[in-house]
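Taken together, the values in this text are just the output of simple stated rules run on the coordinates, not laboratory data. Because the structure is predicted, anything quoted here is derived from the model rather than measured. We place every Cβ from the backbone using ideal geometry, glycine too, and count neighbours over all the protein chains shown.
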Amino acid sequence: MEDTIHIFDTTLRDGEQSPGCSMNLEEKLKLAHQLESLRVDVMEAGFPIASDGDFESVRQVAREIRSVTVAGLARAMEKDIRRCWEALDIAAKPRIHTFIATSDIHLKFKLKRSRDQVLEDTVKAVRLARSLCDEVEFSAEDAGRSDLDYLCQVVEAAIAEGAAIINIPDTVGYCVPEEFGRIFTVLRERVPNIGRARLSCHCHNDLGLAVANSLAAIRAGARQVECTINGIGERAGNASLEEIVMALRVRREHLGFSTVIQAEEIYKTSHLLSNLTGMMVQANKAVVGKNAFAHEAGIHQDGVLKQALTYEIMTPQSVGVPTSNLVLGKHSGRHALSKRYMDLGYTLDKKELDRAYMLFTKLADKKKNIYDEDLLAIIHDGIRMIPERYALKYVHATGGNQVLASATVKLSKDNEFFVDTALGCGPVEATYRAIDRITGVPGRLLDYSVRSVSSGKDAVGEVFVHVHFEGSHFTGKAASSDLVDASARAYLNAVNKTIHARESAAARREAKGKHPVPQA
Ligand code: KIV
Ligand code: ZN
C-alpha cells in the first residue's frame, strides 16, 4: 500500500462556507495560486450550484490552476452534477466530488428518503458524474454516524460505478479516534472492490479531534486527507492542513507516511488566508500561531539557547516563519526592499514594488524599526486586490473621556474630493459615520478587532472589521502605526469590496442577458 498521503484542500469550499470567511473572486484566485505553490494534491474550489458567484470562481480556478487537481462539489443530483461539470470542464485535472448523506438521522429528517432510495441516488449520481469526468470522488455525508453495514453497501455501489476516491466524513465532529479508524478497517475488510478506490477522510473539529481522527484514519488505510488552512470551516472548523502535514513530517519515523507538501510555504499560506478573510489564528495555534515558536519561560529559553532540540520539535524555518530580525530602515532603498520581500517568499512586480516602497517610506518616517511583520502587513494591506473606489486622503479625529468624539474625513473618488464631519461615541465610530455620510453606503459594524503586528510602542496595528451592508457583509483590514488611520482604511476596504461586488454582479447580470448561462 502506498505511503504517500494525498492532501485535499477544501479551504475554498468547506472553509469558505464558515461565517466571516467569505472571499471574493480575486481573493479566491490569490489563495488558489498559493495552494498551488504549497503543492496540495487537490483543491476543492467551491460548490458550483450554490450561486453564480461560486460557479464563476470554480470556473476561474479551473482555468488558471494547471498543476493541481481542481474539484467541484455536487449533491447526488443531476442538476448539481451537470452544473459542476460546466464549471470544471476546462480544468487540466478535473474531479467531480458528489455526496449524499448515509446516516439514518440525515435520511429520516433531512433527505426524507429510504436507505434503498439513497443507494439508488448514489448509483445514478456516480454513473452520471463518471460519464462526464474521468475522476469522481464520492462522499457519504455523516459517515461517522452511519450504520456500518449500510455504509459498506453504499461504498461498494459507488466504487462499482467508477468512483475512484471514497471519502468518509465525520460531518459533525462526533467520532473519537479508535472509532473513526475502525470505520476504515471495516470498509477494507468488508467491501469486496475496495482495492479499486483510494480511501479519504474528512473530519470536523467539534470536539477538537479532527486532526487526531484524521491520523487514526490514515493509520487504518486512508490515503487522502481533506483539510483546510488554519482549520477554518463550518462551526468549529475542519482538520487543519498544517497540523496534519507537520505531524506526518515530524513523526515520520513513527507514523511512516509522507506528503509532497512544500512545508516552507505553510506560514505564508496561513498568513495570506488570515489577511484575505480577517479571520486571525489564535496566538497559541499549533504550527502557525504567533506563539508557536516563542519561548517565554527562562528555563525554556536557556534550553533552546543551548540546544534548540530541547524544546523545539520543528524549526520555524521548516514551515516558513520569518525570523523577526530588524531588517530595513528609513535609508533602505527599493532594491533592498525587493530583496527582503524575495527572502520572505514574495516576488513583486514593478507596480507592486512601487506601491510597497511608497508605503514603506511612509511607515519608516513614523517608525524607526521596520520588522518582517511590518513588511508583511504592507504587502497584505497596501497592495490592494480590489479597485480602491474611495481612497482616504486624511482623517482627523478627537476623543477623550469627557467629550463627544468627532471626526473629519476627506475621501477621493475618480479625482473628486469629499469632506464630511460626524460625531460618535468614540473616534472610530465618528470616523465611520463620516465615511458613511460621504459614500452613501452605510454599514453596520459586526466585528472590530485590532492587533499589533510588531513590537514596541510605535508598533504597526492591524485593524480587521466585519461589516454588514444592505444585502451582504464584507471584511476589511488595514495596518498603520496610527489606530484611527488603520480603522478608517479597514472600513473603507470593506466599503470598496461592497461596491466592487455590486459592480461585478451588475456586469455579470448584463453579460448573462447577452449570453444566458444554460441551466440543467
Ligand atoms: O462535512 C461533510 O460531510 C462535507 C461533505 C460534503 C464532504 O463537507
Ligand atoms: Zn465538511
> So how far apart, in nm, are the two label points at residue 253 and residue 468 if each is 7 Å from Cα heading toward Cβ?
Replying inline: 5.5
> residue 352 to residue 190: FRET efficiency via 1/(1 + (r/R0)^6), r the Cβ-Cβ distance, R0 51 Å, to the nearest 0.05?
Replying inline: 0.40
> What is the distance, in nm, between label points placed 7 Å from the Cα along the Cα-to-Cβ direction at residue 331 and at residue 92?
Replying inline: 4.7
> Going by a ≥ b ≥ c, the root eigenvalues of the Cα gyration tensor, does region 132-245 fall in the rounded group (a/c under 1.5), the prolate group (a/b larger than b/c) or the oblate group?
Replying inline: prolate
> Which FRET efficiency value, to the nearest 0.05, is calculated for residue 401 and residue 3 with the Förster distance at 45 angstrom and r the Cβ-Cβ distance?
Replying inline: 0.10
> What is the chain's relative contact order, in percent, from Cα pairs under 8 angstrom and six or more apart in sequence?
Replying inline: 10
>> How much length would be gained if the chain were fully extended between residue 415 and residue 160, taking 0.36 nm per residue of separation minus their Cα-Cα distance, in nm to one decimal?
In response: 85.5 nm
> With point charges of +1 on the Cβ of Lys and Arg and -1 on the Cβ of Asp and Glu, referenced to the Cα centre of region 6-277, which listed residue (193, 222, 98) lies farthest in the positive direction of the dipole?
Replying inline: 193
> Mean separation of Cα pairs under 8 Å and 6+ residues apart, divided by the residue count of region 151-204: what relative contact order is that in percent?
Replying inline: 57
> Helix 241-250 versus the longest principal axis of the chain: what angle, 0 to 90°, nearest 10, using Cα atoms?
Replying inline: 70
> How large is the dipole of region 1-126 about the Cα centre if only Lys and Arg carry +1 and Asp and Glu carry -1, each at its Cβ, rounded to the nearest 20 debye?
Replying inline: 360
>> As I understand it, the value is the acute angle between the Cα axis of helix 52-64 and the longest principal axis of the Cα atoms of the chain; what does it come to in degrees, rounded to 10?
In response: 90
>> Going Cα to Cα from residue 457, which lysines come in below 20 Å? Please leave out same-chain ones fewer than 8 positions away.
In response: 290, 330, 362, 366, 367, 368
> Where the centre of each part is set by its Cα atoms, how far does region 46-60 sit from region 400-432, in angstrom?
Replying inline: 38
> What lysines could a cross-link reach from residue 413, if we take a straight Cα to Cα line under 18 Å and drop same-chain neighbours fewer than 8 places away?
Replying inline: 393, 497
>> Give me 4, 475 sorted ascending by neighbouring Cβ count inside 10 Å, so fewest comes first.
In response: 4, 475
> Using 7 Å Cα-to-Cβ label points, what is the residue 305/residue 423 separation (nm, one decimal)?
Replying inline: 5.7
>> Neighbour counts of other C-beta atoms within 10 Å: give me 485, 414, 80 arranged from fewest to most.
In response: 414, 485, 80
> Quick one: putting +1 on the C-beta of Lys and Arg, -1 on the C-beta of Asp and Glu, what dipole do you get for the chain around its Cα centre, in Debye to the nearest 20?
Replying inline: 1060
> At q = 0.06, 0.12 Å⁻¹, what is the log10 ratio I(q)/I(0) for the chain, with the Debye formula run over Cα points and no solvent?
Replying inline: -0.32, -1.15
>> Using only Cα atoms and rounding to the nearest 10 degrees, what angle (0 to 90) does helix 177-190 make with the longest principal axis of the chain?
In response: 40
